[in-house]
Amino acid sequence: MKNRPSFPVGLDALNAGFPAIGKVRSPEVGMDSSAVRKSMVQKLAGQGITDALVLSAMGSIERHRFVDTALANQAYEDTSLPIGLGQTISKPGVVARMIELLRQGASGRVGRILEIGTGCGYQAAVLSQLASEVYSIERLRGLHEKARENLRHLRLANLHLLFGDGRLGYVKGAPYAAIIAAAGGEAVPQAWIDQLAVGGRLVAPVSTGSAAGGPQALLVIDKTPQGVRQTMLETVHFVPLKSGVA
Ligand code: SAH
């Protein structure tokens, strides 16, 4: 395949970054992982991501720590990967694109961000580098707990992991400067719009057809003093936004 990184991304190199399996991290391994991340960031820039803070956050969070060890060698390719319970971690290109949209050209950190769909916790970690506080909700207890484990080593004091139905938002953290959804429903729940600050922006995948599991597009909602402005962007493929917890 074209565009594959030409440096070593073998499992051994990446696995050595996991203290849990008893290997000690060596400086060479650290360099391998940072080299593949750097290449990923260069590709993101090549795809049109220009926000320097987004690129630097994507370069600093180790995506291979958020996927199964058997998939670690694919962690820096622009592909979504399974994370268990039928869910997937989004492609780096989509994570970067959505966060760039969310920041709408801001020069510094965004205020409070609400993320719906913690999954493995990767995007939450990237968001934590760019926001004052991040509230991230997951409806599957297994993934909520997995994310907690995946994120432990980072000790992100501004990241709050919540277990619940994200369609209701999280009132206690509102109003949010930004809301980002990692799962797509038929429409954006009213609770999200209510919990968005005036001047804030929401980015979410929504169904464009009538069938569940059908086509989706990215929807951007800007809440202005004059009202809500909606912009539909490119086609995307996200797991469905579901109700209740499990
Ligand atoms: N941002 C995640 C992507 C996970 S995939 C990552 O970096 O890994 C989307 C996630 O949304 C899944 O884990 C799914 O369980 C979750 N989800 C779907 N509907 C939800 C809801 N109503 N509330 C909270 N999470 C939801």
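Using the Cβ of Arg201 as centre and a radius below 14 Å, the other residues enclosed give a net charge of +1, where K and R count +1 and D and E count -1. Per residue of the chain, the DSSP helices (runs of n ≥ 4 H) give a summed -39500 (n - 2.57) that works out to -8500 deg cm²/dmol at 222 nm. Using the Karplus relation 6.51 cos²θ - 1.76 cosθ + 1.60 with θ = phi - 60°, the per-residue 3J(HN,Hα) values for the stretch 80-87 come to 7, 9, x, 10, x, 6, x, 9 Hz, with x marking Gly and Pro. With springs connecting C-alpha atoms under 10 Å apart, model the chain as a Gaussian network and identify which of Met98, Met232, Met58 has the largest mean-square fluctuation. In this elastic network of the chain, the residue with the biggest mean-square fluctuation among Met98, Met232, Met58 is Met232. For Thr231 and Arg141, the FRET efficiency from 1/(1 + (r/R0)^6), where r spans their Cβ atoms and R0 equals 41 Å, is about 0.75.
The residues packed around Ala182, meaning those with a beta-carbon under 15 Å from its beta-carbon, carry a net charge of +4 if Lys and Arg are +1 and Asp and Glu are -1. Calculate the FRET efficiency for Asp78 and Ala45 from the Cβ-Cβ distance with a Förster distance of 22 Å, rounded to the nearest 0.05. With a Förster radius of 22 Å, E is 0.95.
Rounded is the label for the stretch 32-236, because the ratio a/c of its alpha-carbon gyration tensor axes (a ≥ b ≥ c) stays below 1.5.
Of the beta bridges DSSP finds with both residues in the stretch 32-236, what % are antiparallel, to the nearest 5? It would help to have the intermediate numbers written out before the result.
Numbers: 18 of 38 bridges.
So the antiparallel bridges amount to about 45 percent of the total.
Using only the Cα atoms of the stretch 198-246, build the gyration tensor, take square roots of its eigenvalues as a ≥ b ≥ c, and label the shape rounded, prolate or oblate: rounded if a/c is under 1.5, else prolate if a/b is larger than b/c, else oblate.
Numbers: a/c = 2.76, a/b = 1.61, b/c = 1.71.
Verdict is oblate for the stretch 198-246.
Between Val110, Val198, Val54, the residue with the greatest mean-square fluctuation in the GNM of the chain (Cα pairs under 10 Å linked by springs) is Val198.
If you plug the beta carbon distance of Ile193 and Leu85 into 1/(1 + (r/R0)^6) with R0 = 35 Å, you get a FRET efficiency near 0.80.
Once you have a ≥ b ≥ c as the square roots of the Cα gyration tensor eigenvalues for the stretch 139-230, tell me rounded if a/c is under 1.5, and otherwise prolate or oblate according to whether a/b is larger than b/c.
oblate
With a cut-off of 11 Å between beta carbons, the residues surrounding Leu101 carry a summed charge of -1, where Lys and Arg count +1 and Asp and Glu -1.
Place a +1 charge on the Cβ of each Lys and Arg in the chain and a -1 charge on the Cβ of each Asp and Glu, then give the dipole magnitude about the Cα centre in debye, rounded to the nearest 20.
240
Normalising the average separation of contacting C-alpha pairs (under 8 angstrom, six or more residues apart) by the number of residues puts the relative contact order of the chain at 13 percent.
Computed from the coordinates by the stated procedures, all read-outs in this text should not be read as laboratory data. This structure is a prediction, so every number in the text was calculated from the model and none was measured. Positions of Cβ are backbone-derived with ideal geometry, glycine not excepted, and every protein chain shown enters the neighbour counts.
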